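Below is one structure, written out as structure tokens; comments come after it.
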Amino acid sequence: MLNQKDPEKEIVLQTLLEISNATVLTGDIRELTAFIREQLGKLMDTTNFYIALYHPEDDTFTMPFFSDLKDHFERVPAANTLSRYVIKTNKSLLVREKEFHDLVDKGEVKLVGTDSKVWVGVPLRVNEKIIGMVGVQSYEDENMYTDADKDILELISYQIGLAIDRKQKEEELNIEKAYFEQLFENVPEAMVIQEYPGTITDANVAFNRLFGFEPGEVIGKRLDDLIIPEELSEEAASYTDRSFRGEVIETETVRMRKDGEKIDVSLLIKPFRISRDKTIIYALYRDIRRKKEVERKLLAAKEKAEEADRMKTAFLTNMSHEIRTPMNAILGFAQLLSTEQLTAEQKREYVNIIKNSGDSLLRLIDDILDLAKLESGQIQVSEEFVDIDEQIESLYTTFLNLLSSHYHADMIELRRKGHGQKLPFKIRTDPLRLRQILNNLLSNAVKFTREGYVEFGYDILPEEEALRFFVKDTGIGIPEDKKEIIFQRFQQLDDSKTRLYPGTGLGLAISKRLTHLLGGRIWVESEEGKGSVFYFTIPLKVMEDEAGANAYAVRGVKSRIRQELTGKKILIAEDDPFNFLYLRAVLEQAGFNVFHVGTGKEAVRFMKKEKEGPAADLVLMDIEMPEMNGYEATALIKKAYSKVPVIAQTAYANPEEKDKCMAAGCDSYLAKPLQISDLLNEISRFFE
Ligand code: ADP
């Protein structure tokens, strides 16, 4: 048809060309269709022109452009329309009113919209697939279109289809691109896209926020120059390199913010091959600081739990050893004692062993209880004015005895520093706890020293307003790295089963807590193999009445008792016969005149039995007794003779108990088991 030069054919060709260029020249599908209509208008009347795109999935048409005098559709069901008929038959169609009605009568089509006089429809095909149809119609003139028009329409329909299809794909791509851009910008994960060799082409909001950059700031720069901590530059370079070669990297690492802060991140790098020779990579960062923090805490807690478990096991092993050793001695020697053919010397020796073993058991139990109470905050310090020199003196005596009876006394010399000089005032502190600390340190010093000396004493740290005690030994010493650890509970330098030195590893832990409770600190200086010096401080709280303090001079306890107090009458109110026998032995030996009652009632009766005055000069009052307890008895005795000193003795060593005794009228208070020196000290105090 188009083989000869013919102005009309020229126009057809021209139109074809225009339409083929249309996709490039027009913006969207609407504009494209309008353009097509305009071009087609050069060849035929396009007053009522439309393009219907067919959607088989729901059997509908959309009309991106509808130019019609009568009707206006945008998305309509396709069923039984003429347009649908064209698509079904895949053939161009020209119908006039009459033929249309025939089709309606045959049930092929239904009337939708306004009846037209003539209608031409041509399928639009792209690669054999029908994508819709293009149509023109006239409502007035049935001769408006002829088969020639149909042919022309058919001729350019292919070009229209192509143009529309291309436009449609372009729009889809645009939508996808916009969608991707939206997604990329708005995902909460920090994302960055890089081209070879690691240049940033895009970074989203979350990325800039996480790393502290301004929008656009990072574009064109190398990622590895921006967020990699120096020490990780090799790691990062290898990730970049590997991912450009196609590897997916997934890891947890550390990256650096613009301000230099390092942050824990999880990192995912994925390569994308966008053409034969171009790969981009995108990297996704997630802030895992909180997660890492939780992990660190969990790990620390786990380690702590394991350490506690290890310590508990060591403690139990240790404890069972510590309990069994004295227990075995007690049971073994008690059995030996019951055999009859023993010399007095042997008996004394066995009794001694039993007593010592009992002592260590008691110490152990005290330690455990003390520590438990200290750790649960149950121990309170009770403050009173304490003569420090007296305390040192009495500890010295105690340890001299201990050394002579238990240890290689001839190998270790016990020294106290500043002997003879005295603090001119008393210190306000808890004497019981102070003694306990010194006692622990001295026991350790003696225990860990084979030969040389153990020296203890105190001096004043004026700038700290503290009294500093020290216990120095020439023993095995403590390695530098263990100087802290030994103050933790159950910690011993040697926790093997075959330990050289007995002990529970509680003494220093208790001492440390006690010093803190008293308001001071504790530390050690030591050299392995040479010896150690343990120091601790207590605040220098001084008595206001210094004259009174000065008057309180310290003299040798025993000599004072012998000379001045011989013959004083002491009543022991005690229901336990063993305790009584022990007390009587001690007091009679010291020269006192001792009487005994077994109940509170008897104690009151005894005191009042003479008309001239009290029957004893001092009462040693057990608190737990049958018939009438120590509190009541004390109150009654005090009512009659307020000047007679009453010293309470109880099994409970705590401030509450002490308060109760004092409230009942007792003048003093001692915890069982009574230490001889403490007891004598206390008694002599009242006879001054
Ligand atoms: P224990 O003496 O019952 O084992 P401590 O808590 O008193 O428990 O002491 C803990 C550890 O500290 C001891 O086992 C010992 O290893 C070390 N230690 C304490 N005092 C000394 C000291 N004077 N010389 C050497 N080592 C010591």
Rounded to whole Hz, the Karplus (6.51, -1.76, 1.60) HN-Hα couplings of the range 629-643, x for glycine and proline: 7, x, 4, 5, 4, 4, 4, 5, 5, 4, 5, 7, 10, 5, 7
Rg [Å, one decimal], Dmax [Å, integer] - the range 6-176, C-alpha atoms: 15.3, 47
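With 27 Å as the limit, write out which pairs from Lys42/Lys167; Lys169/Lys221; Lys312/Lys347 have Cα-Cα distances beyond it, or answer none. Before the final figure, lay out each step's value.
Details: Lys42/Lys167 23 Å; Lys169/Lys221 34 Å; Lys312/Lys347 39 Å.
Checking Cα-Cα distances, Lys169/Lys221; Lys312/Lys347 exceed 27 Å.
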Multiply the residue separation of Asn629 and Thr60 by 0.36 nm, subtract the distance between their alpha-carbon atoms, and state the gained length in nm to one decimal. 194.3 nm
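Provide the percentage of antiparallel DSSP beta bridges, counting only those with both residues in the chain; round to the nearest 5. Show your work: numbers first, answer last.
Working: 82 of 104 bridges.
That works out to approximately 80 percent antiparallel.
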With Cα atoms, 0 to 90° folded angle of helix 29-40 axis to the chain main axis: 10
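Of the heavy-atom accessible surface of the chain (probe 1.4 angstrom), what whole percent is carbon and sulfur? Please report the intermediate quantities before stating the final value.
Working: 19300 of 37370 Å².
Carbon and sulfur atoms account for 52 percent of the accessible area of the chain.
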Cα-Cα over 18 Å, subset of Lys373/Lys472; Lys541/Lys660; Lys110/Lys150; Lys569/Lys611; Lys355/Lys568; Lys262/Lys292: Lys373/Lys472; Lys541/Lys660; Lys110/Lys150; Lys355/Lys568
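Roughly how many Å² is the accessible area per residue of the range 557-687, as a whole number, for a 1.4 Å probe? Kindly include the intermediate steps, with their values, before the conclusion.
Values: 6370 Å² over 131 residues.
Solvent-accessible surface per residue comes out at 49 Å².
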Amide H contacts under 5 Å for Phe65, restricted to residues at least 5 apart in sequence or on another chain and with H modeled in the peptide plane, are Ile51
How many Å³ per residue does the convex hull of the Cα positions in the chain occupy? 354
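Give a quick list of trypsin sites (Lys or Arg not before Pro) in the range 267-320 that DSSP marks as loop, anything other than H, G, I, E or B, with at most 16 other Cβ atoms within 10 Å. Mind showing how you got there, number by number?
Details: sites: Arg273, Arg276, Lys278, Arg286, Arg289, Arg290, Lys291, Lys292, Arg296, Lys297, Lys302, Lys304, Arg310, Lys312; in loops: Arg276.
Those that pass, being in a loop and sparsely packed, are Arg276.
For the range 295-356, which GluC sites (Glu not before Pro) are in a loop by DSSP, counting at most 10 other Cβ atoms within 10 Å? Mind showing how you got there, number by number?
Working: sites: Glu295, Glu303, Glu306, Glu307, Glu322, Glu340, Glu345, Glu349; in loops: Glu340.
Qualifying residues, ordered by number: Glu340.
The values are calculated or read from the model by the stated rules, or taken from the named source; none is laboratory data. Model, not experiment: these values are computed from the prediction. Glycine also receives a Cβ, built like all others from the backbone with ideal geometry; neighbour counts cover every protein chain displayed. Accessible surface is based on the protein model in full, side chains and every heavy atom, while ligands, DNA and RNA are left aside. Shrake-Rupley method; radii C 1.70, N 1.55, O 1.52, S 1.80 Å.
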